[in-house]
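Have a look at the structure below, then the notes.
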Amino acid sequence: MNLREYQAKKIFADSGIPIPPGNVARTPEEVEQITSQLNTPVVLKPQLGVKKRGKLGVIKFANNPSEAATAAAELFNIIVKEEPIKIILVEAKVEIKQELYLAVTIDYSKRCPVLIISKRGGVDIEELAEKDPHQLLKLSINILEGITEKDIILIKKFAGDEIARFASVLYAIFRKYDAELVEINPVVITTENKIIAVDAVLNINDDSLFRHAEIAKLRKEFQDTDHIAEEARANNWTYIDLPGDIAILSSGAGLTMTILDLINFSGGSPANFIDTAQIDEDGIYQAFNLLVKAKSAKTMLINIFAGLNRCDSLAKGIQRYLKDFPVDIPIVIRMVGNKEKEGHEILRGIGIKPFSKLEEAVEKVVEISK
Amino acid sequence: MSILINSQTRLLVQGITGDAARFHTKLMREYGTNIVAGVRPGAGGTEVDGIKVFNTVQDVMEGKHPNASILFVPAKVMKGAAFEAFEAGIKTIVMVSEHIPLHDTMEIVTKAQLVGARIIGPNTPGLISPAEKCKVGFVPSSYYIPGKVGVASRSGTLTYEIVSRLTEAGIGQSTCVGIGGDPVIGTPFSEIVQLFQNDPATGAILMIGEIGGTMEEEAAELVQKGEITKPVVAYLAGRTAPPDKKMGHAGAIIAGGRGTIESKLDAFERARIPVAKVPGEVVGLVQEVFS
């Protein structure tokens, strides 16, 4: 779960990292009011889920309250990558002397936290790591020990005492909130030699939200557009929306990706998929329902590899669903595993010709979609 | 022989009283796995299917001498259960649960390195060594036969899909290891291929990988350097997956230019590892390395 900037900044500020003075607004009037209270040139930052807002051109500057209100009125009418702008963070503009980059994230290869500091901030860090690795300090952290005295000395030497303090605070936030990424880009040294966090990223591991009820609540402050994905998640399933016209119901991430590949290779195009855990009769009924509800597709592929569950009970689930809610698109089913013969019989009984070979089922569904 | 688990495995089941644990304990035992005890705090003194249940792992150690443990405990308490197994001195630990907090997994993996234990998983269907009649986890054993191919995979059902084709073609397996679908796991491909390299029962290695992370690249590098001399073939899922979407496995995401299919295919090409484009090509590739 990626917090919005203003939510992350609140946590950073509460932990002792200075941020620019400002507040959030939901109307141009509020923007005007906040600008007038700040009594200084401001920056208007739409609070969105997308990254790289600067490049998208939606960060605006204003010198006075009326300029701010005009700019805000325009911003509130913009939809950025399907997300309407509803909240704007209004902050005092800072005079920049130097920009740095600071982050704590997970080194998936070394399987430990890593602290990254760059003397050049405000830029794309992946790009910088490739082009100018000498500007970077990367420290692997032993998660059982945390940041050590030795680490702190290294950071102080590289970027100074205050940045070392920032780094310690950031690591503490990373641990306290079960973060996958805590990032300040840029950390700004102002012309008055103050060091402040001008941006804030806090991305929290979804599997840890059960122990962060206060964070899970923050999600409600911004609109989560994908209700189907939300509902799938509640069952520990994955729902992903894609641009094509073949809906897919499958089980297991690797196998589902394989099916997407096979469809694409055959010239078809997936509309979406639900990847369920091992399911039973009721489970497939529900998953079927969710997929039909998600969006209209031209056809649907259901893949069942019953290792420990049973084809016959899954076929019964499908039969029951189709009886309750007749579906007007052609459905292709591949079904193998335990009680395969019995499952196939049930499907034939409701007029569906079952497939045993995955490739043949994919070919069929792609043919229908064309 | 085989890797990680064999006929000498004395398995402990932590969290044995849960429904899934009971069910799979029965299936593991029917397959031939030697299950010596179960643990469930508060249920000490009871039995599950004739298997004695103890309150703590320490209580089990003296009389039962388990040398491996499977953890069927909820994600929320996984860290505590794993640390308990470490402290009791168990060196092979299989974590089947998914949705374990990433920080907990990092702590578990770091602690395992410290005490010299091996973690398989999390988010894995487990492992199976057909010739040793030993399975630890919930892989459906009917798709596996004894043989010489060592299989390592990030995904459960995809492994069944591919291994069932090998089995149909008469190609058996030494050990199949589900390494886990999470972005942080205990034993990545690079360590599994080394174990297969040193296992006399394994003649060739099949890696079933997917987009996301750099585990496939790291294993390929070992092959390229000549540290793995047994033939290796691979299959990769997610060639057509769009970037920035978690494709079911939290580990399967292309983000910030990392974990792309191109990077993996390049690494395999440099190491001269043949890669199947579709599951249907895997059997042919494996047959080729054996001929």
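The values are calculated or read from the model by the stated rules, or taken from the named source; none is laboratory data. Owing to the predicted nature of the structure, the values given are computational and were not obtained by experimental measurement. As a convention, Cβ positions derive from the backbone with ideal geometry for all residues, glycine included, and neighbour counts pool all protein chains shown.
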Residue that is surrounded by the fewest Cβ atoms within 10 Å (Cβ to Cβ) [pool: residues in the range A:249-263 that are facing chain B (nearest Cβ under 7 Å), closer than 20 Å to A:L308 by Cβ and not polar (S, T, N, Q)]: A:L255
Residue list for the range A:186-207, restricted to those being outside any loop (DSSP other than H, G, I, E, B), of a type outside the set (A, V, I, L, M, F, W, C) and touching a helix residue (DSSP H, G or I) at 6+ places or on another chain (Cβ under 7 Å): A:D207
Strands (runs of 3 or more DSSP E) fully within the range B:82-195 counting 2 or more residues that are surrounded by fewer than 21 Cβ atoms within 10 Å (Cβ to Cβ): B:146-153
Criterion (surrounded by fewer than 20 Cβ atoms within 10 Å (Cβ to Cβ), closer than 28 Å to B:V109 by Cα and of a type outside the set (K, R)) met by exactly one of A:N193, A:N142: A:N142
Members of the range A:248-297 that are of a type in the set (D, E) and out of contact with any Ser or Thr (no Cβ under 9 Å at 6 or more places or on another chain): A:D282
Those residues of the range A:22-37 which are surrounded by 16 or more Cβ atoms within 10 Å (Cβ to Cβ) and not in a helix (DSSP H, G or I), in sequence order: A:G22, A:N23, A:V24, A:A25
Filtered residue count, the range A:304-349, keeping only those that are touching a Ser or Thr at 6+ places or on another chain (Cβ under 6 Å) and more than 14 Å from chain B (Cβ to nearest Cβ): 2
Subset of the range B:181-208 (residues that are closer than 22 Å to B:T105 by Cα and either out of contact with any Gly (no Cβ under 9 Å at 6 or more places or on another chain) or modelled with pLDDT under 95 (or both)): B:G181, B:D182, B:P183, B:S190, B:E191
Near pairs, Cβ below 8 angstrom, 6+ apart or cross-chain, from the range B:184-196 (within 12 Å of chain A (Cβ to nearest Cβ) and closer than 14 Å to B:T214 by Cβ) to any residue that is of a type in the set (G, A, S) and crowded, with 24+ Cβ neighbours inside 10 Å: B:I185/B:G121; B:I185/B:G251; B:P188/B:A219; B:F189/B:A152; B:F189/B:G209; B:F189/B:A219; B:S190/B:A219
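So that you can scan it fast, the table gives a plain yes or no per residue for (1) farther than 30 Å from A:A172 by Cα; (2) surrounded by 15 or more Cβ atoms within 10 Å (Cβ to Cβ):
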site: A:A8; (1), (2): no, yes
site: A:I11; (1), (2): no, yes
site: A:V58; (1), (2): yes, yes
site: A:N63; (1), (2): yes, no
site: A:A68; (1), (2): yes, yes
site: A:A72; (1), (2): yes, yes
Residues of the range A:314-336 classified as buried (at least 19 other Cβ atoms within 10 Å of the Cβ) and more than 13 Å from A:I284 (Cβ to Cβ), total: 3
Odd one out for A:I279, checked against (1) under 17 Å from A:I331 (Cα atoms); (2) more than 9 Å from every other protein chain (Cβ to nearest Cβ); (3) of a type in the set (V, I, T): (1)
Qualifying positions in the range A:60-83 - under 14 Å from A:I34 (Cβ atoms) and of a type in the set (S, T, Y): A:S66
Meets criteria (within 30 Å of B:E107 (Cβ to Cβ) and facing chain A (nearest Cβ under 8 Å)) for B:T159: yes
Test: A:T40 is modelled with pLDDT of 95 or more, of a type in the set (S, T, Y), closer than 30 Å to A:R165 by Cα and not in a strand (DSSP E or B): yes
Output for the range B:236-291, where each listed residue is at pLDDT below 85, buried (at least 21 other Cβ atoms within 10 Å of the Cβ) and not aliphatic (A, V, I, L, M): B:G248, B:H249, B:G251, B:G259
Residues within the range A:202-248 that are polar (S, T, N, Q), within 14 Å of chain B (Cβ to nearest Cβ) and closer than 15 Å to A:N2 by Cα, tallied: 3
In the range A:350-367, the residues that are away from chain B (no Cβ under 14 Å), crowded, with 18+ Cβ neighbours inside 10 Å and closer than 16 Å to A:I248 by Cα: A:P354, A:K364, A:V365
The listed residue being free of Cβ contacts under 8 Å to residues at least 40 places away in the same chain and aliphatic (A, V, I, L, M), out of A:V50, A:V24: A:V50
Some residue of the range B:135-142 being within 14 Å of the chain's Cα centre (by Cα), outside the structural domain of B:R29 (by TED's automatic domain parsing) and under 24 Å from B:P243 (Cα atoms): no
Single unsatisfied condition, B:M78 versus (1) buried (at least 20 other Cβ atoms within 10 Å of the Cβ); (2) within 10 Å of chain A (Cβ to nearest Cβ); (3) more than 23 Å from B:D199 (Cβ to Cβ): (2)
Hey, A:I304 in contact with a helix residue (DSSP H, G or I) (Cβ under 6 Å, 6 or more places away or on another chain), assigned to a helix (DSSP H, G or I) and among the hydrophobic types (A, V, I, L, M, F, W, C) or not: no
